[in-house]
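The values are calculated or read from the model by the stated rules, or taken from the named source; none is laboratory data. Please read all numbers here as calculations on a predicted model, not as lab measurements. Ideal geometry is used to build each Cβ from the backbone, glycine not excepted, and the neighbour counts take in all protein chains shown. Heavy atoms of the whole protein, side chains included, go into the accessibility calculation; ligands, DNA and RNA do not. Shrake-Rupley method; radii C 1.70, N 1.55, O 1.52, S 1.80 Å.
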Amino acid sequence: MSTTATLEIDGKKYNLPIVVGTEGERAVDVSTLRAATGHITLDEGYGNTGSCKSAVTFIDGEKGILRYRGIPIEELADQSTFIETAYLIIYGHLPTSAELQRFSDLLTENQNLHEDMKYHFNGFPPNAHPMAILSAMINANSCFYPGLMGPEVRNEFDIHVARLISQVRTIAAFSYRKSRGYPYIYPKRDLKYTANFLHMMFSQPYDDYKLIPEVVHALDLIFLLHADHEQNCSTSTVRMVASGQANLFASAAAGVCALWGHLHGGANQAVVEMLQQIYDSGDDGSKFITAAKDKTSGKRLMGFGHRVYKNHDPRARIIKKACDDILVKLHINDPLLDIAKRLEEVALRESYFIERKLYPNVDFYSGIIMRAIGIPVEMFTVMFAIGRMPGWIANFKEIMEEKQSRIYRPRQVYIGPVNQTYVPRPQRKPRTV
Ligand code: SDX
């Protein structure tokens, strides 16, 4: 296969190197294009543009393949835990027992927020969206760790990683408790990551939350399945911010903001709100599917479609099965799951979805599990952020460790007004719209 691509402009030919990834992906390296030709590329939405080389996650969208550091998501979902997978994603290998124990100890030692952080929670109205709180509090939290911005940051990186992964959970739980007027519940030393989060969310000072192993496993699986996903919108945002040499917490806070959008991580909340609307309207889903195909309706089948997957999102398959398991265990019959399954069944028979290769994505069923656990819908995207933290950290680390790390600064094609001049205010005429 060719090792270079030839571009011809105005009769002149230019050879551009082809880069091949370890899974055989091929890219035309255009890093010399502007200097050689005076032209840039234009790819709105970056659907054809690779922003970096990364060794963290591989996705084959046509085949529905997802691998973290080369390991299939199905194997990790079946045999690993969120924290072991977080270690794999961040440090590049499955931890030995000693490495996992040290990582777990670091998470435990760093799970408490600085007590002064509690005053920040008091500044938010009770109905503040938890994603707004999360991004703000991650940045506020960084003020208690000046070493994040110091020259020694690399030596303390593991501590900062542990603080971020451990405390994002505490911030999320405290924001929930504050929104309900409940007292803060502190993490326990003897509880593992996800169990501790559920404890902080749902225990009372006089009564510990009853940890059901299947519930803990279901949420841990949700975190694991969200742990990384190549250069999605929020991870690319983290890399963009990290490329300017901003600190880890600032980069993660930016990732939270990017994740919030309903086309991205906010979709899990939008899916359940969509299912609830369908249920409340008495529609069996057919009317909604019709509306979702009609561009003028302004409706989309949330949780369906993906920029990369043009086949089933492997995570959706795993979560769909976990839905059935957890609802049976908790003796819950959730009509929204029935509607979701019917939507999937109908949509996958419709030419509109088939032609556009629209399948359920990670967000389509995840909310059903979180509902069953008792997590409020406005916190669904916060769960996504907790799960995605290892992926954001791993991408930050790749930038931090790059020898020739350069600031990300895309170009543009200017289409604004030309040949303008300054007009003194008295001479300006009102604009006719
Ligand atoms: C996540 O990138 C990642 O990896 C993200 C993620 C991760 O782990 O980080 O996987 C997590 O964000 C999953 C996606 C969650 N979002 C949603 O479920 C929102 C609903 N889906 C979409 O809006 C859409 O499918 C996107 C945003 C996911 C992808 O958008 P694209 O790639 O820009 O596709 P598009 O909007 O150009 O759509 C192509 C066509 C259009 O129709 P035509 O103009 O060709 O006629 O498909 C249609 C769209 O109208 N379409 C849909 C649809 N999604 C796309 N029509 C109805 N319902 C939908 N959900």
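Of the helices (runs of 4 or more DSSP H) lying entirely inside region 334-433, those carrying at least 3 residues that are of a type in the set (Phe, Trp, Tyr) are 380-401. Taking each residue of region 380-404 that is closer than 21 Å to Gln269 by Cα and hydroxyl-bearing (Ser, Thr, Tyr) and looking for partners that are open to solvent by 10 Å² or more (accessible area, probe 1.4 Å) and part of a helix (DSSP H, G or I) with beta-carbon atoms closer than 7 Å, six or more apart or interchain, yields Thr381/Trp260; Thr381/Gln269. Quick one: is Val346 farther than 26 Å from Gln231 by Cα and more than 15 Å from the ligand (Cβ to nearest atom)? No.
Each residue in region 202-220 was checked for being over 27 Å from the mean Cα position of the chain (by Cα) and either at pLDDT below 95 or in a helix (DSSP H, G or I) (or both), and 0 of them qualify.
Output the number of the condition that Gln204 fails; it satisfies all remaining conditions of (1) in contact (Cβ under 8 Å) with a residue 24 or more places away in the chain; (2) more than 29 Å from Ala394 (Cα to Cα); (3) among the polar types (S, T, N, Q). Every listed condition holds for Gln204 apart from (1). The selection criterion, being within 28 Å of the chain's Cα centre (by Cα) and either modelled with pLDDT under 95 or not in a helix (DSSP H, G or I) (or both), does not hold for Lys287.
For region 292-312, the set of residues classified as part of a helix (DSSP H, G or I), surrounded by fewer than 16 Cβ atoms within 10 Å (Cβ to Cβ) and within 11 Å of the ligand (Cβ to nearest atom) consists of Lys295, Ser297, listed by residue number.
Inside region 123-180, residues that are in contact with a Leu (Cβ under 9 Å, 6 or more places away or on another chain), in contact (Cβ under 8 Å) with a residue 40 or more places away in the chain and of a type in the set (A, V, I, L, M, F, W, C) make up a count of 14. Residue count for region 366-383, restricted to those that are among the β-branched types (Val, Ile, Thr) and either within 11 Å of the ligand (Cβ to nearest atom) or open to solvent by 10 Å² or more (accessible area, probe 1.4 Å) (or both): 3. A count restricted to region 202-221 and to residues that are closer than 28 Å to Ile73 by Cα and open to solvent by less than 10 Å² (accessible area, probe 1.4 Å) stands at 3. Going by the structure shown, is Arg317 part of a helix (DSSP H, G or I), of a type outside the set (Asp, Glu) and either modelled with pLDDT under 95 or open to solvent by 40 Å² or more (accessible area, probe 1.4 Å) (or both)? In short, yes.
Of the numbered criteria (1) surrounded by fewer than 16 Cβ atoms within 10 Å (Cβ to Cβ); (2) part of a loop (DSSP other than H, G, I, E, B); (3) not β-branched (Val, Ile, Thr), the one Pro187 fails is (1). Within region 135-152, does at least one residue satisfy the condition of being among the aromatic types (Phe, Trp, Tyr), assigned to a helix (DSSP H, G or I) and buried (at least 18 other Cβ atoms within 10 Å of the Cβ)? For region 135-152, residues among the aromatic types (Phe, Trp, Tyr), assigned to a helix (DSSP H, G or I) and buried (at least 18 other Cβ atoms within 10 Å of the Cβ): absent.
Just one of the listed residues (Asp334, Asp363) is closer than 26 Å to Phe202 by Cβ, within 13 Å of the ligand (Cβ to nearest atom) and among the charged types (D, E, K, R), namely Asp363. For region 226-271, a residue qualifies if it is open to solvent by 40 Å² or more (accessible area, probe 1.4 Å), near the ligand (Cβ under 9 Å from one of its atoms) and in a loop (DSSP other than H, G, I, E, B), and the qualifying residues are Glu230, Gln231, His262, Leu263. In region 55-65 there is at least one residue matching the filter, namely being within 15 Å of the ligand (Cβ to nearest atom), out of contact with any strand residue (DSSP E or B) (no Cβ under 9 Å at 6 or more places or on another chain), farther than 30 Å from Ser104 by Cβ and open to solvent by less than 20 Å² (accessible area, probe 1.4 Å). Among the residues making up region 144-167, those that are more than 24 Å from the chain's Cα centre (by Cα) and not hydroxyl-bearing (Ser, Thr, Tyr) are Phe144, Pro146, Gly147, Met149, Gly150, Pro151, Glu152, Val153, Arg154, Asn155, Glu156. Considering Tyr46, Tyr119, the condition of being open to solvent by 30 Å² or more (accessible area, probe 1.4 Å), hydroxyl-bearing (Ser, Thr, Tyr) and in a helix (DSSP H, G or I) is satisfied by Tyr119 alone. Based on this model, can you work out whether Asp280 counts as more than 16 Å from the ligand (Cβ to nearest atom) and outside any helix (DSSP H, G or I)? No, not satisfied.
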